[in-house]
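Encoded as structure tokens, the structure appears first; notes follow it.
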Amino acid sequence: MLEETIVNRRYRVDHLIGEGGMAVVFRGHDLLLGRDVAIKALRPQFAASSNFRARFEREAQAAASFSHPNIIDIYDVGEEDATPYIVMEYVRGQTLKSIITTEGPFHPDDVAALLEQICAALDYAHERGYVHRDVKPQNILVDQTGIARVVDFGIAKSLADADLTEIGSGLGTVHYLSPEQASGLMATPASDVYSVGVVAFEMLTKQLPFEADSAVGIAMRHVHDTPPAPSSLGIQTPAAVDAIVLRALAKDPTKRFARAGAMAAAMTSWRDYDDATAMATAAPASRMLSARARPATLTEPRHASTRQQRGQTMARRSVAGVQSPVTAGGRAGPSAVPGPESSVDAVGCTTWLVGIAILIGLIGLIWLGVRLSPHLANLGADDGERPSISAPSDSQSGADESGAPADATSDSGTDAAPAQPAFSSGGAPTIEPASPLMIAVPDLIGMPLDEAIAALNSRGLVLVEDESVTTDAVPPGAIARQQPEGGSNLAQGETVRVQRGSGSARIDLAALNLAGQDADAAETLLREQGLEVVRMEVGSSEINAGSVVDTDPARQVNPGETVTLRVSAGDQVRIPGEIQGQPIDQVVRQLERLGLTVGDRFPVGRETIEGFGVDLAASAIDDGDVVGVQGDGVDFGQWVSPGTTVDLVYYDRRQDH
């Protein structure tokens with residue numbers, strides 16, 4: 001890795017400050033601009049993938065074009081010793097995850113202060129066509145002034161593209177995964193809104209909405225289970241806050257807030273959020289609370305609480321350890337002033353009575369429709385028709401004009417209104433068969449066969465293997481082709497056909513055993529393989545002159561590529577031309593390591609230097625630097641016998657006078 005080194009001759013790597021599943025982060029220092037930086041480097045197992053490295057660099061460069069106060073600044077992207085890295089802004093602070101762990105749960109006002117900043121960053125990215133895909137407290141930094149910054153825009157898309165089935169690779173991520181991502185569907189801005197909803201839930205409760213024994217189990221709960229209301233976990237969260245969080249956690253992306261900023265705005269003004277709507281969207285568990293147990297409607301005027309003031313509160317808590325206004329026992333802070341109990345009881349009673357009356361009426365209509373079905377069928381339907389009740393359309397469960405979801409519990413079916421009979425023109429109910437569950441096909445290219453089978457089986461799809469193909473695009477035995485391609489949709493139980501790679505058509509130079517062969521014969525052999533050949537002489541005391549020492553590259557190449565054939569010049573030493581312009585003491589040591597003898601040293605002035613073809617004004621030659629070599633058959637780039645004496649000519653400023 002990069003620890004304790006200088007990267008790109010500019011960034012000093014000081015020490016490790018963080019580790020993740022895909023990368024490690026070092027604290028460093030920009031020697032050019034004199035500022036502290038954070039340097040994120042991919043782990044070797046991911047850096048070895050050229051495809052992953054290309055996506056990493058492409059997405060990081062795109063993130064570097066962002067300019068937003070709540071998005072971490074990306075300064076530079078590069079590669080050192082085959083390790084891709086990103087140089088970014090160094091933030092003195094903590095991750096939101098660590099603040100939640102030590103200071104949670106938070107008061108809704110503190111949650112709102114952070115959501116304003118987090119959602120502003122996400123909206124900025126969404127407007128530019130980017131989806132973060134990995135929003136979680138670990139990817140949110142809060143500095144000492146309470147300013148939040150979202151990180152990992154550079155690799156979020158790359159991680160998602162790498163393999164959506166690898167949810168087990170990062171348990172921290174799967175807790176915040178949207179249902180559509182867990183199902184293998186494409187992530188959208190609504191997916192980020194869902195993840196923000198999980199983050200808000202965790203800030204309010206210091207707990208996560210879904211837990212399970214495995215990453216796959218957690219993902220499946222995101223897909224199928226109704227999230228609990230924050231207030232159902234023993235925290236006296238206002239019903240309006242419950243409603244806001246549950247709307248963000250809706251299974252259907254269209255039922256969530258249209259923009260991340262809309263959620264932040266709702267959270268900021270939670271005291272003004274309609275309480276009846278909020279209670280209508282609360283989870284069943286929260287509705288079991290009595291009027292005295294749940295927070296009352298807040299009737300006092302909202303006190304002025306600016307974003308800066310709330311941010312400073314967060315900063316004090318993150319740095320000095322001030323206790324959160326919402327304690328572990330669930331007591332609300334000073335701003336959560338309960339209203340009169342009588343008004344709460346009246347509203348609650350009225351709401352329940354109206355709901356029960358509507359429910360009884362709907363049940364009666366369904367009972368009547370079922371009883372009349374045979375008679376209606378005899379009047380207007382063919383003998384073969386059977387009565388049935390159709391499922392409600394999507395439009396029946398949309399959001400109302402107030403912006404709150406019409407039914408936050410419709411996913412579980414607990415409180416959904418009973419379906420109405422759908423009649424055909426003949427008067428009888430018609431059968432509307434349910435559409436098959438469509439599954440997004442994962443991208444299997446590059447996967448080992450067993451992983452591909454598991455990826456499809458987990459989605460209810462079947463793998464069928466066809467004959468292998470010759471390719472160097474994937475390792476031998478890995479999936480090289482699939483039909484249909486990743487991202488397509490199939491019904492549950494359908495098949496995906498794959499072909500594995502049987503190896504490469506590349507030429508293995510090591511298998512040709514060229515070392516020691518005659519250079520002319522070796523060149524002929526390489527050209528017969530469809531390769532271009534370039535010769536380069538090298539000194540060798542072990543290989544006879546005119547024979548091959550080795551090749552560059554040493555192993556596999558593609559037909560049409562160029563191979564450098566390194567041919568022995570015998571027991572000879574080449575006087576490197578690179579020593580011109582180097583300090584004389586350094587040159588002496590270099591020549592002696594090559595087995596040459598350094599003879600006389602001749603100082604020369606400006607006028608003499610020009611005789612060696614050196615333009616002092618246009619070159620980097622400095623006082624004490626070598627400008628030429630002398631001796632019997634000695635010159636830059638010349639092959640000479642070991643022990644040959646080389647005289648050095650160097651620039652001495654004193655000779656100019």
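The values are calculated or read from the model by the stated rules, or taken from the named source; none is laboratory data. The model shown is predicted, which means the values in this text are computed figures rather than measured ones. Glycine also receives a Cβ, built like all others from the backbone with ideal geometry; neighbour counts cover every protein chain displayed.
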Search result, residues across region 237-275 that are surrounded by fewer than 18 Cβ atoms within 10 Å (Cβ to Cβ), of a type in the set (S, T, N, Q) and not in a helix (DSSP H, G or I) = Ser269
ask   = Residues of region 89-124 being of a type in the set (Ser, Thr, Tyr) and under 12 Å from Asp143 (Cα atoms), which ones?
value = Tyr90, Thr95
task = Run Gly184 past the list (1) of a type in the set (Gly, Ala, Ser); (2) assigned to a helix (DSSP H, G or I); (3) within 24 Å of Asp152 (Cβ to Cβ) and report the number of the one that doesn't hold.
result = (2)
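To keep it simple, each residue is scored yes or no on (1) over 18 Å from Leu115 (Cβ atoms); (2) touching a residue at least 40 places away in the same chain (Cβ under 8 Å).
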residue: Val199; (1), (2): no, yes
residue: Met203; (1), (2): no, yes
residue: Leu208; (1), (2): no, no
residue: Asp213; (1), (2): yes, no
residue: Leu233; (1), (2): yes, no
query = In region 28-112, which helices (runs of 4 or more DSSP H) lie fully inside it and hold 2 or more residues that are over 23 Å from Tyr130 (Cα atoms)?
reply = 44-47, 96-103
inquiry  = Could you check region 154-172 and list, in sequence order, the residues that are crowded, with 24+ Cβ neighbours inside 10 Å and either touching a Phe, Trp or Tyr at 6+ places or on another chain (Cβ under 6 Å) or modelled with pLDDT of 70 or more (or both)?
reply    = Ile155
Residues of region 538-568 classified as at pLDDT below 80 and of a type in the set (Asp, Glu), total = 1
inquiry  = Looking at (1) under 14 Å from Gln580 (Cα atoms); (2) in contact (Cβ under 8 Å) with a residue 12 or more places away in the chain; (3) touching a helix residue (DSSP H, G or I) at 6+ places or on another chain (Cβ under 9 Å), which one does Asp615 not meet, given that it meets all the others?
reply    = (2)
remark   = When region 210-236 is checked residue by residue, the ones that are assigned to a loop (DSSP other than H, G, I, E, B), touching a helix residue (DSSP H, G or I) at 6+ places or on another chain (Cβ under 9 Å) and closer than 15 Å to His175 by Cβ are Phe210, Glu211, Ala212, Ser214, Pro227, Pro228
ask   = Among the residues of region 617-637, which ones are loosely packed, with under 13 Cβ neighbours inside 10 Å and either among the charged types (D, E, K, R) or part of a strand (DSSP E or B) (or both)?
value = Asp622, Asp623, Asp632
ask   = Does Arg527 count as free of Cβ contacts under 8 Å to residues at least 40 places away in the same chain and within 31 Å of the chain's Cα centre (by Cα)?
value = no
remark   = When region 504-514 is checked residue by residue, the ones that are exposed (fewer than 15 other Cβ atoms within 10 Å of the Cβ) and of a type outside the set (A, V, I, L, M, F, W, C) are Arg506, Asp508, Asn513
Hits in region 566-602 - residues which are buried (at least 19 other Cβ atoms within 10 Å of the Cβ) and in a strand (DSSP E or B) = Arg566, Val567, Ser568, Val573
task = State yes or no: is Glu494 exposed (fewer than 13 other Cβ atoms within 10 Å of the Cβ) and either within 30 Å of Met186 (Cβ to Cβ) or of a type in the set (Asp, Glu) (or both)?
result = no
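Wholly within region 495-554, which strands (runs of 3 or more DSSP E) include no fewer than the required count, namely at least 3 residues that are within 30 Å of Glu465 (Cβ to Cβ)?
Because the criterion is at least 3 residues that are within 30 Å of Glu465 (Cβ to Cβ), the strands (runs of 3 or more DSSP E) in region 495-554 that meet it are 495-500.
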key: Leading residue by the ranking (modelled with the lowest pLDDT) among those in region 493-520 that are touching a Leu at 6+ places or on another chain (Cβ under 9 Å) and of a type in the set (A, V, I, L, M, F, W, C)   = Ile507
ask   = Pick from Val640, Val614: which is farther than 30 Å from Gln517 by Cβ, crowded, with 16+ Cβ neighbours inside 10 Å and outside the structural domain of Leu525 (by TED's automatic domain parsing)?
value = Val614
message = Could you go through region 462-483 and let me know if any residue there is in contact (Cβ under 8 Å) with a residue 12 or more places away in the chain, over 28 Å from the mean Cα position of the chain (by Cα), surrounded by 14 or more Cβ atoms within 10 Å (Cβ to Cβ) and assigned to a loop (DSSP other than H, G, I, E, B).
response = yes
task = Mind counting the residues in region 485-533 that are in contact with an Asp or Glu (Cβ under 8 Å, 6 or more places away or on another chain), under 30 Å from Ser458 (Cα atoms) and aliphatic (A, V, I, L, M)?
result = 1
